[in-house]
1. With the chain as the region, which strands (runs of 3 or more DSSP E) entirely inside it contain at least 3 residues that are surrounded by 11 or more Cβ atoms within 10 Å (Cβ to Cβ), touching a residue at least 40 places away in the same chain (Cβ under 8 Å) and of a type outside the set (Lys, Arg)?
2. Scan Thr40, Thr84, Thr32 and give me the residue that is farther than 18 Å from His2 by Cα and in contact with a helix residue (DSSP H, G or I) (Cβ under 8 Å, 6 or more places away or on another chain).
3. Just checking, how many residues over the stretch 1-32 are of a type outside the set (Val, Ile, Thr) and either under 25 Å from Leu86 (Cβ atoms) or under 11 Å from the mean Cα position of the chain (by Cα) (or both)?
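Each reported figure results from applying straightforward, stated rules to the coordinates on display, with no laboratory input. What you see is a predicted model; the values in this text were computed from it and never measured. Here the Cβ positions follow ideal geometry from the backbone for every residue, glycine too, while neighbour counts run over all protein chains shown.
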Amino acid sequence: IHRSNLVGMGVLPLQFKGGEGAKSLGLTGAETFDIHLEDTLHPHQDVHVTIHRADGSTVDVTTIARLDTPVDVRYLGYGGILQTVLKQLMD
């Protein structure tokens, strides 16, 4: 799925930093994730994520919010493109 499609559906795309990835972190698909967001989002902002493994251990990583433009931030803030358009029609 392309980054812009995720944003358009109201999903925050995150990218690992510094060469980290699913393989280097040993992700299996059994993990759960806590995404620690600040009150306001900005393009290319660092986002801290806590990964909870099935064995109870945790790993903290820093990712990049792949919100590339202020428009992406606005779309995500309203929950996607459709919700943004509906909001504009109601205003």
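1. 14-16, 58-65
2. On the way: Thr40 fails: in contact with a helix residue (DSSP H, G or I) (Cβ under 8 Å, 6 or more places away or on another chain); Thr32 fails: in contact with a helix residue (DSSP H, G or I) (Cβ under 8 Å, 6 or more places away or on another chain).
Selected residue: Thr84, the only one of Thr40, Thr84, Thr32 that is farther than 18 Å from His2 by Cα and in contact with a helix residue (DSSP H, G or I) (Cβ under 8 Å, 6 or more places away or on another chain).
3. Residues flagged as of a type outside the set (Val, Ile, Thr) and either under 25 Å from Leu86 (Cβ atoms) or under 11 Å from the mean Cα position of the chain (by Cα) (or both) within the stretch 1-32 amount to 13.
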